[in-house]
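Reading through the structure tokens given below for one structure.
The values are calculated or read from the model by the stated rules, or taken from the named source; none is laboratory data. Fair warning: this is a prediction, and the values are worked out from it, not measured in the lab. Cβ sites come from the backbone with ideal geometry, for glycine too, and all protein chains shown count toward neighbours. SASA here: full protein model, heavy atoms, side chains in, ligands and nucleic acids out. Shrake-Rupley method; radii C 1.70, N 1.55, O 1.52, S 1.80 Å.
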Amino acid sequence: MIKPLLQGLKITLTHLFKKPVTLQYPTERPQIEARFRGLHALKVAHSSAKCVACYLCPTVCPAKCITVEAGEDAQHNKYAEKYEIDMLRCIFCGYCVEACPVDALKMTGEFELANYKRSDFVFTKERLLEK
Amino acid sequence: MDTTILGLPLIYYAAMILKVLVVFVFVLLTVAYATYAERKIIGHMQVRLGPMRTGWHGLLQPIADGVKLFFKEEIVPAQASKFTFLIAPLIALIPAFISFAVIPFGDTVELFGYKIPLQIASVYDTQAGRVLDLNVGVLYILAMASLGVYGIVLAGWSSNNKYSLLGGLRSSAQMISYELAAGLAIVSVFMLSESLSLQKIVADQSNFFSWSGTWYAFKQPLAFILFFICSLAEINRTPFDLPEAESELVSGFCTEYSSMKYAMFFMAEYANMVTVCAVTVTLFLGGWHGPLHPVLNFIVKVYFLIFVCMWIRATYPRYRYDQLMRLGWKVFLPLTLLNIVVTGIVIAAFS
Ligand code: SF4
Ligand code: SF4
């Protein structure tokens with residue numbers, strides 16, 4: 001009975017001298033991996049969003065948080081007139097990115113999405129466009 | 001120098017006030033920084049950092065905690081019995097501090113030709129040429145430890161809350177049963193030293209390297225370990241912190257307490273820990289004897305034991321209540337009784 005008690009004490013003592021794993025968050029930043037699924041971004045090609053409003057991403061989205069409305073531009077091309085993602089409902093599964101046939105969507109390393117108003121969590125097309 | 005009050009020179013009273021102040025401030029600071037050390041040590045044992053933000057490496061954390069608690073709202077539950085509710089934290093806090101009155105924390109020092117023993121309740125007798133202290137010092141400590149129970153029981157009783165009540169009841173049952181074992185564990189020390197005076201017990205342990213004067217921890221290893229464990233149980237430290245078991249009793253007897261009243265319970269808990277460590281050092285680890293300056297020796301030993309308390313807290317889970325009672329009554333009590341009998345036989349055989 002005594003031996004396991006002493007073993008326990010030994011384990012805690014050795015841990016005392018280990019390097020802590022704590023990340024001092026706001027001052028120390030976590031390392032964002034390449035495949036991290038953060039805030040979405042709409043990719044841009046020839047100075048406009050690549051999205052062709054095919055509705056595949058709202059269809060596949062399990063949280064049903066993407067709203068797309070198609071429109072027609074001057075060259076009679078279909079484009080997304082409205083593209084919104086409600087970040088309060090998004091579960092960051094990344095299915096939308098995989099579903100996109102024209103590779104118009106990606107996920108960035110941005111993860112600090114806190115905000116003050118509910119409406120601020122609905123990201124419009126302007127806010128989603130790749131910087 | 002010739003004026004005397006009650007047969008003692010004025011400098012005695014001045015030194016007394018000084019000693020009380022120094023010890024009080026020392027214990028208070030130790031209590032404050034024990035909370036910090038505990039969070040740091042347990043943090044690092046769990047491979048975390050512990051407090052880091054307030055001041056350099058979180059050094060101002062105890063002060064920040066104190067200020068925070070000070071400005072919290074004082075809440076007295078509507079159906080609580082108000083007087084008892086208000087007085088209970090004090091009843092818990094005061095015995096924790098006044099136990100220090102009989103603990104010798106250093107050799108005698110000479111001030112203006114007057115010898116002052118570094119123990120609050122004591123005086124240097126020039127005629128006899130030795131220090132006179134409370135000759136039942138250990139009994140006094142045990143008595144104070146029992147008084148502390150009242151604070152907790154009354155807090156639980158007066159809060160008008162079933163969690164508090166259960167916490168208070170648990171704590172009284174636990175403290176009473178473990179006090180018995182703790183008291184019996186140190187009986188073997190008295191048998192060896194043939195005195196209840198802490199001065200005498202410390203003097204007995206003055207020579208570490210000879211068998212006759214070594215620490216009682218080596219002569220009475222079983223008593224030492226049992227006393228330390230029972231003391232942990234008596235002051236409600238983990239793994240025996242059932243009175244405030246968060247998972248079942250919210251916060252036990254201090255569920256309804258807020259603000260400074262809560263802080264008082266908190267301080268009482270840590271002051272009790274300091275006191276118990278100091279008593280253990282005095283009884284078993286040679287008191288202030290050692291290689292360094294006497295006072296430093298004492299402080300180092302006490303701090304080491306406090307570290308052990310925190311180490312134990314970081315290691316073991318909490319006992320279940322029936323296990324706790326079984327351990328106290330069926331394991332520790334017979335062991336201490338056996339220890340006394342064996343010690344008695346050995347003493348009788350060698351005298
Ligand atoms: S990441 Fe998942 S939940 Fe979020 S928008 Fe894309 S498909 Fe929907
Ligand atoms: S799947 Fe791609 S192209 Fe289709 S609507 Fe979504 S983002 Fe636009």
ask   = Once Lys and Arg get +1 and Asp and Glu get -1 on their Cβ, which of B:SER81, B:PHE24, B:SER171 lies farthest toward the positive end of the dipole of the protein assembly as shown?
value = B:SER171
ask   = What share of the DSSP beta bridges in chain A is antiparallel, in percent to the nearest 5?
value = 95 percent
Chain A: angle of helix A:2-16 to the longest principal axis, Cα-based, in degrees nearest 10 = 50 degrees
request  = Loop sites only, by DSSP: take the GluC sites (Glu not before Pro) in chain B that have at most 12 other C-beta atoms within 10 Å and name the longest stretch containing none of them.
outcome  = B:195-351
request  = Could you give the size of the charge dipole of region A:31-128 about its Cα centre, using +1 on the Cβ of each K and R and -1 on the Cβ of each D and E, expressed in debye and rounded to the nearest 20?
outcome  = 160 debye
note = Amide H neighbours of B:ASP107 at under 5 Å, excluding residues fewer than 5 places away on the same chain, with H built from the backbone geometry, are B:VAL295
task = Would you work out what percent of the accessible area of chain B, with all protein chains in place, is carbon or sulfur (probe 1.4 Å)?
result = 71 percent
inquiry  = Less than 17 Å apart at the alpha-carbon level, and either on another chain or at least 8 residues along: which lysines does that give for B:LYS19?
reply    = B:LYS115
task = With the Cα gyration tensor of chain B in hand, convert its eigenvalues to equivalent ellipsoid semi-axes via √(5λ) and list them largest first in whole Å.
result = 34, 26, 20
Scattering curve values for region A:76-131, log₁₀ I(q)/I(0), Debye with Cα scatterers, q = 0.29 Å⁻¹ = -1.56
Point-charge dipole on Cβ atoms (K/R +1, D/E -1) for chain B, about Cα centre, debye to 20 = 680 debye
Segment B:ILE347-B:PHE307, extension gain: residue separation times 0.36 nm, minus the distance between their alpha carbons = 11.0 nm
With every protein chain in place, region A:31-128: carbon and sulfur % of accessible area (1.4 Å) = 52 percent
ask   = Of the residues A:GLU112, A:GLU28, A:GLU69, which exhibits the maximal mean-square fluctuation in a Gaussian network model of chain A defined by a 10 Å Cα contact cut-off?
value = A:GLU28
Estimated inter-spin distance, B:SER259 and B:ILE87, nm [label 7 Å along Cα→Cβ] = 2.0 nm
request  = On the full set of protein chains, 1.4 Å probe, figure out the accessible area of B:TYR257 and give it in Å² to the nearest 10.
outcome  = 10 Å²
ask   = Looking only at B:ALA233, B:ALA14, B:ALA145, which one moves most when chain B is put into a Gaussian network model with springs between Cα atoms under 10 Å?
value = B:ALA14
key: Gaussian network model of chain B, Cα within-10 Å springs - most flexible of B:ILE41, B:ILE103, B:ILE306   = B:ILE41
Average accessible area per residue (Å²) across the protein assembly as shown - probe 1.4 Å, nucleic acids and ligands excluded = 53 Å²
remark   = iface B-A | buried accessible area, total | probe 1.4 Å | Å², round 100 | 1400 Å²
key: Accessible-area ranking of B:ARG326, B:ARG237, A:ARG35, largest first, probe 1.4 Å   = A:ARG35, B:ARG326, B:ARG237
query = How large is Rg/Rh for region A:31-128, to two decimals, with Cα atoms and a Kirkwood Rh?
reply = 0.96
request  = Provide B:PHE70, A:PHE36, B:PHE298, B:PHE224 ordered by accessible surface of protein heavy atoms (probe 1.4 Å), highest first.
outcome  = B:PHE70, A:PHE36, B:PHE224, B:PHE298
query = Taking accessible area as the heavy-atom solvent-accessible surface of the protein chains with a 1.4 Å probe, which residues of region B:14-55 lose no less than 30 Å² upon going from the isolated chain to the full protein assembly?
reply = B:HIS44, B:MET45, B:VAL47, B:LEU49, B:ARG53
inquiry  = Using DSSP H assignments, which helices in chain B have an axial alpha-carbon span of 27 Å or above and a mean Kyte-Doolittle hydropathy of -0.5 or higher?
reply    = B:10-45, B:137-158, B:162-193, B:259-284, B:294-315
ask   = In region A:1-19, which residues become less accessible by 30 Å² or more once every protein chain is in place, relative to the chain on its own, using a 1.4 Å probe?
value = A:LEU5, A:LEU9, A:THR12, A:LEU13, A:HIS15, A:LEU16
inquiry  = I'd like to know how region B:223-288 sits against the 2.2 N^0.38 Å rule of thumb: what's its Cα Rg over that expected value?
reply    = 1.29
request  = Would you kindly calculate the translational diffusion coefficient of the protein assembly as shown, applying Stokes-Einstein with the Kirkwood radius from alpha carbon pairs, for 20 °C and a viscosity of 1.002 mPa s, and quote it in µm² s⁻¹ without decimals?
outcome  = 79 µm²/s
note = Computed on Cα atoms, Rg of region B:24-101 relative to 2.2 N^0.38 Å comes out at 1.40
Cα-Cα separations in region B:153-277 greater than 25 Å, expressed as whole percent = 37 percent
inquiry  = Using the Kirkwood formula on the Cα atoms of region B:91-232, what hydrodynamic radius do you get, in angstrom to one decimal?
reply    = 17.1 Å
